[in-house]
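J.: Take this structure, written in structure tokens, and hold onto it; I'll ask about it next.
The values are calculated or read from the model by the stated rules, or taken from the named source; none is laboratory data. Just so we're clear, the structure is a prediction, and the values are computed from it rather than from any experiment. No Cβ is skipped: glycine too gets one built from the backbone with ideal geometry, and neighbour counts run over all protein chains shown. Note: accessible area is taken over every heavy atom of the protein model, side chains too, but ligands, DNA and RNA are not part of it. Shrake-Rupley method; radii C 1.70, N 1.55, O 1.52, S 1.80 Å.
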Amino acid sequence: MPRTAPAEGRPRAYGGFTRKGSAASAAILLLVLTQGLARGQPGLDRGGLDAGRDAGPPYLAPSVAPDAEAPTAPPLVSPPPPVTPPQPVAAPPRPSVAAATPTPGRTLEFNIVPIAGGDSDVGIGGGEVADLARLDPRYHPYRWKLTSEAFVTFSRLNGQLISPFQDYSLVLTLPELTSSRRLGLEIRPAFTNERTLKYYGIGNATPLPPPGVSIADTEYQRLHPTLSVEARYRIYKRFFLLAGSVYTQNWLEVPPTSLLAQAQASPSAEIREIIGSFAPHGVELLEGGIQYDSRDNETVTRRGQFHTAIIRVSPRVGTALPYAYERLNLTARFYRTPVHNVTLLFRVVGDALLGDPPFYELARFDETSAIGGSKAVRGVPAQRYYGKVKLFGNIEVRSDVLHFSVHHKRMVLGAALFADGGRSWTQLGQSNPALDGTGLGLKYGLGGGLRLQEGQTFIVRADVAWSPDAKPVGAYFAAGEIF
């Protein structure tokens, strides 16, 4: 579907932050609700996906050939004795009531997983990840899919109950929108309120603040509803063109004693220019790109490649859209299964910001944390490093452990081992040892996790990662694979 692998960029990770002096509480799966919905349509359109895929030949009308062993009715008038009685004549065939081949089997697949988790940064909370998909053999991998995600956390601040993190989204995916099967569309409205975003400084060499700085002074709040519309058009075999629009409205709340407020008043003109204003603002991103996709499966990929080259342009329009900048992103993904039940995966991502982006984008790529967090370098806390240029990679080994079924729905429990690493730079093409340091400057994380595949279109993962930046580990729970 448009631009993203189902496992990248969109799904959020909860409980992925760590706090100095305390272990991050691992995000836990309270309950796996596998109320698979496989209800067919009335009449002949019945039997679900399994019927459409595994059943025998289409149902045909009963044969109208005469039964050779059936008794023959006696003639109404006896023939004269010398004449041999005529042979019995079969009754005329009855009209067929099911001669036409029925519509291929179709069904709905519904998956929902309640989740709970959190840590000392965002408190504890819960929510759900779910999808509803129309499966149809005539469409690949489905006719349409509606995915919902919701997560809310709670903690206490100065004796009052607050909600540090709220995230709600709906995604409508239409992989084959037109009769030519070349055009796909994704529409995603979302609402996110992040009250404990981190800021320690600009650059790959940013140290942790001294012990006298309170945790509250490393945080700021960003509230941002978003609407994105993205399309993918197949131009030749496995090559696709991408186009889209992403609009985000932003409100920032920055405590006057915070490190971020101090950076806005920094004696360094470069830092002041990067931080900019905290006033409410909108950002409109116009997107274009090209993509190569040879994956064997969108949900759980075992073979193939998936590469994207994307440019996003933000125009400046007065005070409503005050940021004029460009984002260039190159992502390469490779999938191999050298032996049965063992899949090797590799990804490398390069992301660069040009012009005058809002400061919070320096810690992100593809609308999620870059050098840190659950979608890039696991084990490194999210928003730990800010820079206009990011380069990182991931190596992962996955294997199925157990196949089973619940309420006639196929389930697969899997495991994974991974290594992530990357680096950021303050500016593209400019050396800044004071902010970025010298040498390799690699930030990395090592870990493993579990995967639970539910049906054909849904997977959840739980990862734990160690890093020199973690105190002592990072824990993540999310829908979809990391890539």
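J.: At a 1.4 Å probe radius, carbon and sulfur cover how many percent of the accessible area of segment 237-367?
T.: For segment 237-367, the apolar C and S fraction of the accessible surface comes to 63 percent.
J.: Before I look further, what does segment 202-266 give for accessible area per residue, probe 1.4 Å, in whole square angstrom?
T.: Solvent-accessible surface per residue comes out at 50 Å².
J.: To continue, here is another question. Given R₀ = 30 Å, FRET efficiency for TYR247-ASN297 by Cβ-Cβ distance, to 0.05?
T.: That pair, TYR247 with ASN297, gives E of 0.40.
J.: Roughly how far apart, in whole Å, are the Cα centres of segment 355-405 and segment 197-263?
T.: When both Cα centres are located, 12 Å separates them.
J.: I would also like to ask the following. So with the 1.4 Å probe, I'd like the accessible area per residue for segment 327-373, rounded to whole Å².
T.: 33 Å²
J.: What FRET efficiency, computed as 1/(1 + (r/R0)^6) with R0 = 56 Å and r the Cβ-Cβ distance, is obtained for ASP400 and LEU157, rounded to the nearest 0.05?
T.: So, using R0 = 56 Å, E works out to roughly 0.80.
J.: When ranked by the protection proxy of mean other Cβ atoms within 10 Å per residue, highest first, what sequence do the peptides 377-385, 173-181 form?
T.: 377-385, 173-181
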